[in-house]
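Below is one structure; the comments refer to it alone.
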Amino acid sequence: QVQLVESGGDLVQPGGSLRLSCAASGFTFSNYVMRWHRQAPGKERELVASISRLGGSPNYADSVKGRFTIFRDNAKNTAYLQMNSLKPEDTAVYYCNAISTHDYWGQGTQVTVSS
């Protein structure tokens, strides 16, 4: 059974940090490009970051460049999104996504940035 389970979402003050995790099971994790997306209330889903199968070539949306870092540990079948200098506009549900021959999605984790 394929699963992507996100965790790490929380309520944090502006300027704070969070690390999201995405634990994968049921497929060959290292064969898949991993992506993080987010969706804020009333807005379309946005691609935030992506990383290649072996952990290279990270790409970021302009809105998070320099603040967020995507990385993965293929030995642990887990992808991560380190988020620093968080802003209220980062508030959203964050989803991880594995893409290759198939397209898998997690259920999402809520990140709220507010004072």
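The lysines whose alpha-carbon is closer than 30 Å to the alpha-carbon of K43, local same-chain residues fewer than 8 away aside, are K65, K87. Computed from backbone phi with θ = phi - 60° and the Karplus coefficients 6.51, -1.76 and 1.60, the 3J(HN,Hα) list for the stretch 79-86 is 10, 9, 9, 8, 10, 10, 6, 5 Hz; x is used for glycine and proline. Taking the empirical scaling 2.2 N^0.38 Å for compact globular proteins as reference, the stretch 45-115 has a Cα radius of gyration ratio of 1.13.
The residues of the chain expose on average 52 square angstrom of accessible surface per residue, using a 1.4 Å probe on protein heavy atoms.
Modelled this way, with points 7 Å down the Cα-to-C-beta line, the labels at Q107 and S7 are 1.3 nm from one another. Once neighbouring chains are kept in place and the probe is 1.4 Å, which whole percent of the accessible area of the chain is contributed by carbon and sulfur? With neighbouring chains kept in place, the figure for the chain is 46 percent.
Shape summary: the stretch 1-110 maps onto an equivalent ellipsoid whose semi-axes, from the alpha-carbon gyration tensor, are 22, 14, 13 Å in decreasing order. Placing a label point 7 Å from the Cα of N31 along the Cα-to-Cβ direction, the residues of the stretch 40-83 with a backbone N closer than 14 Å are 53. Electrostatic bookkeeping for I51 treats Lys and Arg as +1 and Asp and Glu as -1; over the other residues with beta carbon under 13 Å from its beta carbon, the sum is +2. As an exercise, use a Förster radius of 22 Å and the Cβ-Cβ distance of S17 and E44 to find the FRET efficiency, rounded to the nearest 0.05. With R0 = 22 Å, the Cβ-Cβ based efficiency is 0.30.
The values are calculated or read from the model by the stated rules, or taken from the named source; none is laboratory data. Computed from a predicted structure; not experimentally measured. Virtual Cβ from ideal backbone geometry, glycine too; neighbours counted across all protein chains shown. For the accessible areas, the whole protein counts, side chains as well, though only heavy atoms, and no ligand, DNA or RNA atoms are used. Shrake-Rupley method; radii C 1.70, N 1.55, O 1.52, S 1.80 Å.
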